Structure formats: C-alpha cells, structure tokens
C-alpha cells in the first residue's frame, strides 16, 4: 500500500512539473523556434514581433521650409508700360541671395538681387506729337527686399515681397529708383532645394520723356538652402 501511494505521488509531481515548464515557453504561430524563450517574472507574456526590415532601413523622409542663408536664380517675363501707351516686353534673369528666419509658422527673409534683361518687343507710341516716342527698354537693375510669409504646410510657403529697386532705362540714359510689391509661393522639393513662383509689380517716379513707368513681372525660380 505504501509503495502504491509513493508511486502515485511521484507520477503527479512529474506531471505538474512538465505542465509548468510548458507554460513558461511561448511559440508564435508561423515563427521559427528561436523565438521561444522562458517568460520571466514581470514580463508581458505576449511578445511583439521584431520591426520590419523595410521600416528600419528605409524610414519615410520629409522636407520642410527651413531658416538660414540661401542663393537662387529667377528667369522672368517683364512688361514695362507708361501713360503714353508705349510698351516694352523682355526676358530677365535675376540672381539673388537671402537669409530667412522662422518662428513657428511665421517666416521673414531679407534678399538682395541683381537682374539683366533682353528685349522681346519694344512698342513706342509716336502716333501723336504730344506723346513721346522714347522706348521703355530696360537693361539691368538691382535692389533689396523683405519677404514676410506664412508656412501653409511643412513644405509650402506663401509670402509677400516689399522692396526697392533701381532700373536702367536705355533710351532715356537714366537709372530710376522704384518700389516693389509682390506675392509668391515656395515649395521644398528636397532637403536643400526649393522652387518658387512669383508676381511683382514695380512703379517708378516720373522720368523725362518716359512719364511714370510701371512694370509687371512674372518669375519662376529655384533656390539652394545652405543649411537645408
């Protein structure tokens, strides 16, 4: 009788020990056996699978409007006109350098620029002797601007241009000062490169034989950010 009781206790003890050991190892469905390991006190029993190799090696990259110095170029189409209906159209190339500040979504930049143009058409109003027939052809100009703006999204900036310019009028042999206002939009296409599109209106003081010229300018350009 004593031998049967002892044998029964040994069998029960072995069975309990096997059950506890099996409960301390977890094998996930479809995973290799090396994921199996004991669960220690205080650990969460449901182990998370390792991150995907694609997620760890190829994270999603984003670009943004950033502060700092930049340099760029803007080809543009310009139309100069006055109160005598004389009109000059030309292509201009502008190089510019600036420095931008960014606070939350508010943007502020300062720019200096120089430009040079070539003629497309040059209409001179000589139908009436009381109206001058001097052409409005411009050759070069230079100036400075401030650009207040608002970051509309991480990669999109909307801004205004407020500035001053001096432009040389060839036939009048005169370099006239003027004021500028404009509106533009800029977008980041990489960590260091942005593209922009802009409209600028310029007005000049009265010039002998030219009246008070005005101009419309449409720009499409690219800029490089040194701290991008």
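Bear in mind that the values in this text are calculations on the coordinates, not laboratory data. Computed from a predicted model, the values in this text were never measured in an experiment. Backbone-built Cβ (ideal geometry, glycine too); neighbour counts: all protein chains shown.
Structure values in brief
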| item | result |
| --- | --- |
| Pairwise label distance in nanometres, residue 108 with residue 156, each label 7 Å out on the Cα-Cβ vector | 2.5 nm |
| Rg/Rh ratio calculated on Cα atoms of the stretch 61-176 (Kirkwood radius) | 1.12 |
| Inter-label distance, nm, simple model (7 Å from Cα along the C-beta direction), residue 83/residue 190 | 5.0 nm |
| Distance in nm between pseudo-label sites at residue 205 and residue 174 (7 Å out along the Cβ direction from Cα) | 1.0 nm |
| For a label point 7 Å along the Cα-to-beta-carbon line of residue 122, residues of the stretch 68-92 with backbone N under 17 Å | 78-82, 85-92 |
| Taking 103, 139 and counting other C-beta atoms within 10 Å, the order from fewest to most | 103, 139 |
